[in-house]
Structure formats: C-alpha cells, structure tokens
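Throughout, read-outs are computed from the coordinates displayed, never taken from laboratory work. Predicted model only: the values in this text are computed from it and were never measured. Don't worry about glycine lacking a Cβ; one is built from the backbone with ideal geometry, like all the others, and counts go over all protein chains shown.
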C-alpha cells in the first residue's frame, strides 16, 4: 500500500495535514511535502532540519526548533520570559486568541529572545514564531526585540534576528504600528554602536515587520522560497494586483531586485552566519601592539 | 450648494440644506435690496446649533469619512496658507520624482523649515497623478533626502501626513518599499534636528509612519491614524468587510483615541463642521501649533532632543510583565 493511502487523505486534505504538522510534530511516521507531494519519513525530515530532501521545500520552524538549528546546544539563555500581551484596546476576542496560541505554542508571544553561542561567537538572537498570531508584532514583540537590542549594545554583542510575520498585530491597533518605529529606532542605536546586525527572513516575512527592523540589517539573508514583501498576502489580494511576476514577493524576487544579500538554505545557514560573524568580529586591541 | 451632491456626507446634509437656504436669502437680499439680515441671523444660529449637535455625536466611522472627505484640504492646501513663502523640491536622486510625496523649503513667520508630505489629488486626473496619495519608495527616499538637508543646514522638519497607505504595486516592491520605509524609521529616529509631524487627514499605517517618527506628533481633530484600514481589518479578522463601522470603533483610530494611547502629543481643533468648511482657519490652527512645538524643541540641545525622541517611541506599547518564568537563566 502506498504511504499516501495510509493517511486516507488526498490532495487538499493531505496538504492541510502537512501544514498542521508545522507547529507540532505529527504523531505519524510520515509527512507529505506540501510542495512536491513526496512522502517524507519524519525522522529523516527532522535530521534534514525540516527541509524536503526531494524538492528543498523549507517547512516552517517553531522558535525553539529554529534556535536548535543555529545556536550551539545548551548555550541558549532566554530573556524577558515574563512579558505577556495586555489588551490595551479592549479588542473583542483578543484575550481568547492569545490564550489559545499560548496553549498551542507554549510561548508567551510571537518572539523568543535570548543569548547563545554560534561557534566561538556569543550573540543576541530574536526568533519569531509564525504559529503565535501569525508572528505578528504587537507591544510584547516590539518590547522584547528592543530589550534584546539594548542588551546587545550594553554587552557589545552582535544581533541576529530570524523573522517570520504577517505584519503588525491588528488587535493592538495603532500601538502595534508604533512598534515599527520603536524597533527601527533601536536598530539605529545598534548601528551607532558599530555592532553587527544580521537578519534572516523565514517564510513569510511581510508588512509591518518587513517594513521595519527586518529590512535594515547590515546583512540580510532569506530562506529559499519564502514569501517576502510589503503588502501582506491578503492585502495584496484586496488591492487586486495584476500582472504579477511568477516569483512576486519571494526570496528569489527580493534577491533579483537587490533587497537581500543571499538566499541561504537552512543547512548552510549556521556556517554562513559564522563566516559573517568572523568578518565582523572587532579586532582585539593588543596593549603592546604600538 | 445642492444638498444631495456626491461630495456631501449624509450627516452633513441638514447643514448644507441650511447653508443653501442662507445663500439663497443672501442672493435675494442683493438682488431685491431687501434687508433680511434678521432671517439670516436666525438661520445661521440654527445651523451652528445643528452643526455642534451633529459633531458632538460623531461615530468613529463618521470621522473616517471626514478624514477622507472629498472636500478635505490636502497637504498643499495647508502649505499655501501656512508658509509666508515656499518652494517645492523634487526627486530622490535615485530613480524618479514621486508626485504622491511633496516637499520643499518654507518660511513660518521668520523660521526657515523643510516640509514634506503626502499629496492627494482633487479630481480624477489629479488623483491619478498623485497616485491617490500613496507614495512609492522614491517618495520616501525623496522625503528622507530633504530631511537630511534640513539636518545639514540645521533647520527643523515639518511632516504633513495624509495617505491611505504606501503604494503596494509590483514596481514599489521591486524598488523596495519596505526598505524605504524601514530606513526612514531608522534615520528619522536619529536625525539631528527637530521634527514635527501633523496627521492632516488619513494616517494610513506604515505609509504614514514612514514620515512620522517625530519629536512631536500632532493630529487634526477629524483625522485618523490606523495600523490598517477598518475595511481591510474587518475583511481579514472578521471575514466580513461590511463590519467596517464596528471595526473602526474597535481599532480606536480617532484622534482622541491616539491621544489617550500616548501615540500623539496634541489634537488640533478643527473649525466647526470640519477643516473643509474653513480651510484658512484650519491651516492657521495647524501653523500656530507647528510654530509652538518648533520653538519648544529648538531650545533643546541635540543630544537631549534625540534622547527624548528615542524614549518617546521606546515607551510606546502596553503589555504585562510578571517575574521571569521558572527555568529562566539570564542575568
């Protein structure tokens, strides 16, 4: 019997199942690649950093999964775990939605920040998680990113941000828009401090996040095939854009138009980051050098 | 004016009906030489009472309609009244001149300033020429270029905001609309000269914020400032674009909401019935507010100015914070 039949699912339903497995490991042994329909053995998929070994499709990663793929084992120390969303606008159903996503992800909001080691570099990292409210940036996300950047400035550390977001957190209204200015202003301070700022776009990186701290990295990398652009998918749909190029709003489109430095497959990401961090490392001033 | 014209909002109709009556009597006064000033006075008093009644009970959606009013004064209408003298400047030196973003130098009662702002068009041709007030990357880069000139020559910057959103066409994506806005946010946050921003009409999301990282952010009474248009938000969150009125309330996009949330520093009162009923008075109010804030900011040393600007945006946002979770290591 073909593995696909084991699911008893076909087409759309099978893809949906594959998507559902993005956030939590599926109980089953097998997963079907949503892009090429290849049936993938889950253990193999894990070993391959959740990249399809046939077509190279990059599955979404949860924040802690992502940290596991780049930060040296046992070196990650999370910051600001006590921050959690309020409902400043008293927006209908916002608290319920937050509670649901907290349960689903085990996170307190859509970004995890902390320090860790990559090779012999100590770095500050911020890692977004799409499973929490579509990775959207509200007050907590903005505050955690700014605190992480300020920590990096105080301790003279490089910053690496992994972005994945549908944009601003609509339920926090104008306050979420202000997080764009707040995070970008912190990036300016980081710039003034002369510290490296590296951004990695994961699928999707759009709207308010793409138009703020994500797009002003010293180095900007993207995973292959990620959705990357200003107008969120639904907004672009509403605007009724026609004559869109086939690769519109993808990593490849952004590379072609000069908006990112490189597309880096997940397996090569850690070694690429180490090369860049080596390049940026402040030269040690030897006291007797003169 | 006939009360059922396309550029009159439903809730304005009783007012414009009285306006029409008053105008008619005035015309007759001149034509027939009769003194009807007592009638006019009564009608005007009625109209003004009605006006303040209607405007005391506006819903948020009514104010969205006012912010987008077809007769609402646009950026250049304010520029023409506010500045004693001005010239406009063009181009981003990289790609093009964006007609949706205007800017230049101007004089405010002896103070030389750089001004930038989004510009909407009045008729169909003009609207297309201005791209409906939606600036492209070259617009944001032009604005930033002018702001850097202001920094170089130590002149304050005045940002006039009126845009539904930034342009999201294929061309805008190709030339990096996100990068252009993000860079403005970053560079404005450290620009070494005072910046005063005024939301005149629509403060549409990132497109507005791209020229609104200012030391003082002001809003006209019937302007709006929102992360997303209420129609789009209702379509996305509630899957029902027809709930835009409820969404406008929920998103809290009116000027008094923004003031309460600490996002703006001052709300500038509009003439009775809205800025379009007395453009001169509206522009003079905006001018007075800008001058007041520029004069206050000009007294600050640059370091202090920049630290205050950083802290202003640093402190925006509302969240809860408890003790770190048990397994927390950190410092």
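Over every Cα atom in the range B:48-176, the radius of gyration and the widest Cα-Cα span, Dmax, amount to 16.7, 53 Å. Of the residues B:25, B:177, B:15, the one that moves most in a GNM of chain B with alpha-carbon contacts below 10 Å is B:25.
Size check on the range B:10-57: the Cα extents along the three principal axes, sorted descending, read 40, 19, 8 Å.
Rounded to 0.05, the FRET efficiency of the residue B:81 and residue B:154 pair, given R0 = 25 Å and the Cβ-Cβ distance, is 0.45.
Report, as a whole number in µm² per second, the diffusion coefficient that Stokes-Einstein gives for chain B at 37 °C and 0.692 mPa s using the Kirkwood radius over alpha carbon pairs.
This corresponds to a translational diffusion coefficient of 153 µm²/s.
Taken along the Cα-to-beta-carbon direction at a fixed 7 Å, the label points for residue A:262 and residue B:95 span 2.6 nm. Modelled spin-label separation between residue B:192 and residue A:90, with each label point placed 7 Å from Cα along the Cα-to-Cβ direction: 4.7 nm. Net length available on complete extension from residue B:278 to residue B:300 is 4.5 nm, with 0.36 nm assigned per residue and the Cα-Cα distance removed.
For B:142, A:275, A:43, A:122, the sequence from fewest to most other C-beta atoms within 10 Å is A:43, A:275, A:122, B:142.
On a per residue basis, the convex hull of the C-alpha atoms belonging to the range A:47-96 measures out at 142 Å³. Each stretch of four or more DSSP H residues adds -39500 (n - 2.57); spread over every residue of the protein assembly as shown, this sum gives -13000 deg cm²/dmol at 222 nm. Shape call for the range B:245-330 from the C-alpha gyration tensor, a ≥ b ≥ c root eigenvalues: rounded (a/c under 1.5), prolate (a/b greater than b/c) or oblate? Cα axes put the range B:245-330 in the oblate bin.
Compute the normalised compactness of the protein assembly as shown: alpha-carbon radius of gyration over 2.2 N^0.38 Å, N being the residue count.
It is 1.05.
Placing dummy labels 7 Å off each Cα toward the beta-carbon, the span from residue A:122 to residue A:247 is 4.1 nm.
How far, in degrees from 0 to 90, does helix B:302-314 lean away from the longest principal axis of the Cα atoms of chain B, to the nearest 10? Its long axis makes an angle of about 80 degrees. Shown is the FRET efficiency for residue A:29 and residue A:271, computed with R0 = 35 Å from the Cβ-Cβ distance and rounded to the nearest 0.05: 0.70. Seen against the Cα atoms of chain B and their longest principal axis, helix B:37-56 is set at about 30 degrees. Between residue B:32 and residue B:242, residue separation times 0.36 nm minus the direct Cα-Cα distance comes to 70.5 nm. Rounded to 0.05, the FRET efficiency of the residue A:43 and residue A:73 pair, given R0 = 25 Å and the Cβ-Cβ distance, is 0.85.
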